[in-house]
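Any read-out appearing in this document is the output of simple, stated calculations on the displayed coordinates, not a laboratory observation. Quantities reported herein were computed from a predicted structural model and do not represent experimental measurements. Glycine gets a Cβ as well: all are built from the backbone with ideal geometry, and neighbour counts include every protein chain shown.
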Amino acid sequence: MYGDAPQLRDAVTSGRGARPRRGQQRGCSAAIAMRLESRGRNLKPCPATSSRYSRTTRLVRQAKEIPLIKSSAVAVSIVVPTYNRAALLRRQLMCLVDQQAGSPNFQVVVADDGSSDGTGELVKTFSDRLDIAYHFHEDDGFRAALTRNAGARLASGEVLVFLDAGALVGPGFVQAHATVHAELAAPAVVLGYTYGFRPWDPFVELEGILARSSPAEVVERYGDHPQFQDMRLPLFESVEFDLRELFTPWTQYWTVNMSVRREDFWRVGGFDESYVGWGGEDVELGFRLHRAGFTPIVSSDAWAIESPHFRDQQANDVSNRRNAWRLWRSHPEPVSEMYSSALSQGRWNPSLEVEYRRLVAGDKSTADDAVDALLSHYIRGCKAAQLSAPRTLALGVTGRSAALRARVGAVTDEWLLAGYDEEARRVADGVRNLYAIGIRTPLDVGSVDLVIASPRLAHLWPRWGDDIAAESRRLGAVLVTPEGTVLQ
């Protein structure tokens, strides 16, 4: 995907093989940064924060905020959202106290989502050892997005590091995050490698191991243990840790251990505070960071270990699926159709990355006969369903919308065209031209009578045909499949 990928990987990757190598990744050189900038990777201006944040913003302003020490020339602010994890938080803060000599000035912001376990009192006990601030708002359910934003508003550092409560870090953690951002002029999102982060396949012995050893000792001894690895490692390895080789890197932007520049974070709007319940808010932020041109970097030097703790993973999965379609509603386009549908159903085999690559590759390899096929499907659908001049949605109109529009005028003026290539993105107006596959559309129930699928969707039909058929039923429309089968 990138002509100079081998050279770039040396600058932006942290290691290869069964375990990421530490001590090599030090951000990008000035030459690499200049090449990235020359490719147009500078951050594009983003619109001001949406009005949907106004109510939750007021809640944050009314909440209790206690800046325990005023920051001076802070380079990094570490935002830790928490809820009733005082015991885990205590050891985490001790790790931050023990950052190596010469680390950049840093601030810790503990953002409390309504704890009742003495978290605020614990934070005060660290006020003589850390530049630390505390935000508290009343418990009103799981509100990770609002809580992280509240912490970020108290932050004074140039770089924001989002770190889950209880994640134990090494002595070079702050230095590692700061160095990447300092050496790469282009906007970047840094993903710190997170050992032990395997919610669906936990390392059951880890709690006892951490009780006996320091985090650095644990990494040294167990760094190659399969169940101790960051669950993203296979994907990282598949692209030699260069996430720019992926079409959907944003699906890996998890705020268990992630950093961005503070100015850039607010420029894209921060977290979407409409997310309530477990899951989705960090991936949605990642989507916007990706669309804004941020360079993704995996850093093994910025490692952390997720502390074992109780989680109701079944309830979390239910919540995550409940939030699934929020991404599509905020960013309606083909890749979010795929993501939201897969997440809502818990269907990840094959992965979104594989499916989206298949979409792109199939579009390039399919014969350019969409116009004639769609007209044939239209006639077949009209006859089978006894429809006369039906309001029609044509799917898979990629690269041929102008030619098709010129010809269908003789048939009907009511056609809507949906495509998933760059031409479809350019001409999309939400009225007569949609940027969509057809898994989910913004159309109202009853707005079309007939849906016809181009043969260009045939390569997607085994995986997504049922979803497209369900959307056609939601619309109350007859469907003609890519093969010409009429479903009523």
Which whole-Hz couplings ³J(HN,Hα) result when phi for each residue of the range 186-195 is put into the Karplus expression 6.51 cos²θ - 1.76 cosθ + 1.60, θ = phi - 60°, listed in order with x for Gly and Pro?
-> 5, x, 9, 10, 9, 9, x, 4, 10, 5
Sequence order, the range 256-270: Karplus ³J(HN,Hα) from phi using 6.51 cos²θ - 1.76 cosθ + 1.60, θ = phi - 60°, Hz rounded, Gly and Pro as x, gives 4, 6, 8, 9, 9, 5, 4, 4, 5, 4, 6, 5, 8, x, x
Once amide H atoms are built 1.01 Å from N in the peptide plane, which residues 5 or more positions from Arg261, or in another chain, come under 5 Å H to H?
-> Leu160, Ala188
Kindly put Asp421, Asp466, Asp224 in sequence by how many other C-beta atoms sit within 10 Å of each C-beta, fewest to most.
-> Asp224, Asp466, Asp421
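Which length gain, in nm to one decimal place, applies between Gln345 and Asp372 when the Cα-Cα distance is subtracted from 0.36 nm times their residue separation?
On the way: separation 27, 0.36 × 27 = 9.72 nm, distance 3.48 nm.
Extra length from Gln345 to Asp372 when fully extended: 6.2 nm.
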Packing rank of 259-268, 172-181, 427-436, 335-344, where each peptide gets the mean count of other beta carbons within 10 Å, highest leading | 172-181, 335-344, 259-268, 427-436
Built amide H within the under 5 Å cut-off of Val478, gap 5+ | Leu450, Val451
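Taking the mean number of other Cβ atoms within 10 Å as a proxy for protection, how do you rank 155-164, 242-251, 226-235 from highest to lowest? The partial results should precede the final answer.
Values: 155-164: 24.4, 242-251: 20.5, 226-235: 17.2.
Those peptides, ordered most packed to least, come out 155-164, 242-251, 226-235.
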If r is the Cβ-Cβ distance from Ser214 to Thr485 and R0 is 60 Å, what FRET efficiency results, to the nearest 0.05?
-> 0.40
Amide H neighbours of Val79 under 5 Å, counting only residues 5+ apart in sequence or on other chains, H built in-plane at 1.01 Å?
-> Val109, Val161, Phe162, Leu163
Length gained, Ala185-Arg473, 0.36 nm per residue minus C-alpha separation, equals 98.7 nm
Given 132-140, 105-113, the highest-first ranking by average Cβ count within 10 Å works out to 105-113, 132-140
Karplus 3J(HN,Hα) series, Hz, for the range 421-438 with 6.51 cos²θ - 1.76 cosθ + 1.60 (x for Gly, Pro) | 9, 5, 4, 4, 4, 5, 8, 4, 10, x, 10, 10, 10, 10, 9, 6, 8, x
